[in-house]
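A quick write-up on the structure given underneath.
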Amino acid sequence: MDLRTKYDQAIQVAKSLHMEGSAQEKEGKLYFIGTVKSEDEKNRIWNALKTVGDWKTDIVADIKVVAPPPAPSKTYTVQPGDTLSKIAKANLGNASDYVKIFEANRDQLSDPDKIKPGQILRIPQ
């Protein structure tokens, strides 16, 4: 039995998780190389590989976790007369979401009522 057939369950798990990579048989080993989106996905593939008793002698695996790119960051420059509520209403659609803007800018804001014209605030997505 070839190794791809022997480890078909693990290959199917990797496919179902949309692993970017391949499982190639060469020199008597199955090289399982690719990337997934989370540690959980990586562990699920490893668990499937380990269901075969002699996996340690058959498998050479390099499965990496690649996090999705962060959402693009939006900023807003505070204008005279602005409040976090006003900025939240204009940018997030709800004035009560001012808390989200405050939390995203904790590094420069200690009080949601104390913003200054010219400050550049991060607007969460």
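Which of the strands (runs of 3 or more DSSP E) contained wholly in the range 1-86 include at least 1 residues that are more than 30 Å from LYS114 (Cβ to Cβ) and not acidic (Asp, Glu)?
Working: elements: 20-26, 29-36, 59-65, 74-77.
Per the criteria, 20-26, 29-36, 59-65.
The rows are residues; the columns are (1) closer than 30 Å to ASN105 by Cα; (2) not charged (D, E, K, R).
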{"site": "GLN9", "(1), (2)": "no, yes"}
{"site": "ALA23", "(1), (2)": "no, yes"}
{"site": "TYR31", "(1), (2)": "no, yes"}
{"site": "ARG44", "(1), (2)": "no, no"}
{"site": "GLY53", "(1), (2)": "no, yes"}
{"site": "THR57", "(1), (2)": "no, yes"}
{"site": "VAL65", "(1), (2)": "yes, yes"}
{"site": "ALA88", "(1), (2)": "yes, yes"}
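Between ALA95, ALA61, ALA104, ALA88, which is closer than 30 Å to ILE33 by Cα and of a type in the set (Gly, Ala, Ser)? Give the derivation first.
Numbers: ALA95 fails: closer than 30 Å to ILE33 by Cα; ALA104 fails: closer than 30 Å to ILE33 by Cα; ALA88 fails: closer than 30 Å to ILE33 by Cα.
Exactly one residue qualifies, and that residue is ALA61.
Scanning the range 99-115 for residues that are assigned to a loop (DSSP other than H, G, I, E, B) and either more than 13 Å from ILE87 (Cβ to Cβ) or not assigned by TED's automatic domain parsing to the domain that holds PRO80 (or both) yields ARG106, ASP107, GLN108, SER110, ASP111, LYS114.
Would you confirm, using the coordinates I've provided, whether ALA88 is surrounded by fewer than 17 Cβ atoms within 10 Å (Cβ to Cβ), at pLDDT 95 or above and either of a type in the set (S, T, N, Q) or not assigned by TED's automatic domain parsing to the domain that holds ASP40 (or both)? Give the derivation first.
On the way: surrounded by fewer than 17 Cβ atoms within 10 Å (Cβ to Cβ): no; at pLDDT 95 or above: yes; either of a type in the set (S, T, N, Q) or not assigned by TED's automatic domain parsing to the domain that holds ASP40 (or both): yes.
Taking the combined requirement at face value, the residue does not satisfy it.
Scanning the range 74-107 for residues that are of a type in the set (Gly, Ala, Ser), out of contact with any strand residue (DSSP E or B) (no Cβ under 6 Å at 6 or more places or on another chain) and at negative phi gives SER85, ALA88, ALA90, ALA95, SER96.
Here are some residues: LEU17, LEU3. Which one is in contact (Cβ under 8 Å) with a residue 40 or more places away in the chain and either surrounded by 13 or more Cβ atoms within 10 Å (Cβ to Cβ) or not assigned by TED's automatic domain parsing to the domain that holds GLY118 (or both)? Can you show your working first?
Numbers: LEU17 fails: in contact (Cβ under 8 Å) with a residue 40 or more places away in the chain.
Going through LEU17, LEU3 in turn, just one is in contact (Cβ under 8 Å) with a residue 40 or more places away in the chain and either surrounded by 13 or more Cβ atoms within 10 Å (Cβ to Cβ) or not assigned by TED's automatic domain parsing to the domain that holds GLY118 (or both): LEU3.
Just wondering, is there one or more residues in the range 91-106 that are at pLDDT below 95 and loosely packed, with under 15 Cβ neighbours inside 10 Å? Yes; the residues of the range 91-106 include at least one that is at pLDDT below 95 and loosely packed, with under 15 Cβ neighbours inside 10 Å.
The values are calculated or read from the model by the stated rules, or taken from the named source; none is laboratory data. None of the values given here were measured: they were computed from a predicted structure. When we count neighbours, we look across all protein chains shown, and the Cβ atoms used for this are built from the backbone with ideal geometry, even at glycine.
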